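Below: the structure, in structure tokens.
The values are calculated or read from the model by the stated rules, or taken from the named source; none is laboratory data. Every value quoted in this text rests on a predicted model; they were computed, and no experiment measured them. Cβ coordinates were reconstructed from backbone atoms using ideal geometry, including for glycine residues, and neighbour counts include every protein chain displayed.
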Amino acid sequence: MMQNPKPLSLYIHVPFCKANCTYCDFYSVVGREKSIPVYLYSILKEIEQKTRELDLSQHYLDTIFFGGGTPNLLEPKYLGQLLEALLNLAHSGEDMEIGMEINPGEASLEHLKAYKALGINRVSIGMQSFQPHLLTFMSRIHSVEKSFSTYDDVRRAGFKNVSGDLIFAVPGQTREEWVGDLERLVGIQPEHISTYSLTVEEGTALHRWVEAGHVKMLEETVDNGMYDWGRDFLEKSGYPNYEISNHAKPGYECRHNLNYWTGVDYLGFGPAAHSFFGGRRSWNIRNLDAYMSDVMNSGTGEGDSEIISKSMARNEMILTRLRLTQGLSLEEFSKIYGENLLQTKKEMLEKWTGKVMVSDGFLKITQEGRALTDEISSDLMSLTL
């Protein structure tokens, strides 16, 4: 019997896509579906190697997530093989969350039913917008109708835990369009809603367009206004905000992401996937062919790694916990780092009066401070790494 078993999350990066979206900086490859069997073989080999090198006897599997890229480009039989191997890594926890991302219009009802039969119990649909001109701008290849018909199919396949993702602050988007998108999404009642502000990431088409002056991003005040309005609207509609970008009906918060934000160990498989285990962070090569070739030769696709120092861990705890509505437990922080944050960062906390608060022993960012979370976190971090 395990003494105080520890939760473990697993992430599988599926890099295949049918098209490149203008804003996305996640590692993906287009038109490479023929590589799927070799990619699958590589991941199975990588899982096998991890089983040999890590002692997971004190861990239990809490969550598994297939992200991308586009995981629904994997046929159910392939996903089944991956799941089988992953479930052999450690004991399964009770009521495990097994999630996957899907793109509207790219997963048939038949496939969705097969995914459900394999044990997938949470689906996140990348709807992004219900405005045709904004979908075109973002190079999304699905139509507005496909978002809704895919949602219906997901329900028909029997999924009871469904998330819809939307993007705001898109150049050309009006406040009315944003309001309309949220109202339509709430209208179909998914259990979970993620709302992401469009950001300009290096290496994306959007970055090139902005640099060249072809596209102008919305003013920060407009972006913040859309964020505040969206959060208030979703809270009033029965979707409390539990993390900066995420809302859920009570009990349907995404456990996989919460594990990332609360420092749970996780292992990532596939090109560009990250792992965090036993105070060590590592990341795989961000290139499909190089990843497959390295795994074939050595059993690992790791590109680099770092040991997380105490100071880094302290900073990361501040950064991740303040993203959560429940905030940072001052008692837990003091227990781990022997530091009373309210005293050591007294001046900084006074600087942010009204933007931060202490409640029930947790340091939290107030509604007014939400848009400034990164700046506040940065002020509370230590500079010595």
Item to check | Residue list for segment 198-239, restricted to those being over 22 Å from Glu177 (Cα atoms) and in contact (Cβ under 8 Å) with a residue 12 or more places away in the chain | outcome: Glu201, Glu202, Gly203, Thr204, Ala205, Trp209
Next on the checklist: Among the residues that make up segment 232-245, is at least one of them modelled with pLDDT of 90 or more, of a type in the set (Val, Ile, Thr), in the same structural domain as Gln189 (by TED's automatic domain parsing) and buried (at least 16 other Cβ atoms within 10 Å of the Cβ)?
Outcome noted: yes
Checklist entry - How about segment 96-188: which helices (runs of 4 or more DSSP H) wholly inside it have at least 3 residues that are modelled with pLDDT of 95 or more and within 21 Å of Phe65 (Cα to Cα)? => result 109-118, 144-156
Checklist outcome for this item: Among the residues of segment 328-370, the number that are of a type in the set (Asp, Glu) and more than 13 Å from Leu380 (Cα to Cα) is 4
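Residue-wise test of (1) more than 19 Å from the chain's Cα centre (by Cα); (2) of a type in the set (A, V, I, L, M).
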| site | (1), (2) |
| --- | --- |
| Glu53 | yes, no |
| Pro76 | yes, no |
| Gly80 | yes, no |
| Asp95 | yes, no |
| Ser108 | yes, no |
| Arg122 | no, no |
| Phe130 | yes, no |
| Leu135 | yes, yes |
Item to check | Tally of residues being within 13 Å of the chain's Cα centre (by Cα) and either among the acidic types (Asp, Glu) or in a strand (DSSP E or B) (or both) across segment 60-74 | outcome: 6
Checklist entry - Given the conditions (1) outside any helix (DSSP H, G or I); (2) farther than 19 Å from Tyr266 by Cβ; (3) among the hydrophobic types (A, V, I, L, M, F, W, C), which single one is not true for Ile36? => result (1)
Checklist outcome for this item: Note: among Asp294, Asp304, just one is part of a strand (DSSP E or B), without any contact (Cβ under 8 Å) to a residue 60 or more places away in the chain and charged (D, E, K, R), namely Asp304
Checklist outcome for this item: Note on segment 231-267: residues in a strand (DSSP E or B), over 26 Å from Gly279 (Cα atoms) and in contact with a Phe, Trp or Tyr (Cβ under 7 Å, 6 or more places away or on another chain) are His247, Ala248
Checklist entry - Does segment 102-122 contain at least one residue that is hydroxyl-bearing (Ser, Thr, Tyr) and buried (at least 17 other Cβ atoms within 10 Å of the Cβ)? => result yes
Checklist entry - (1) hydroxyl-bearing (Ser, Thr, Tyr); (2) touching a Ser or Thr at 6+ places or on another chain (Cβ under 8 Å); (3) at pLDDT 95 or above; (4) in the same structural domain as His13 (by TED's automatic domain parsing): which one isn't true of Tyr266, the others all being true? => result (4)
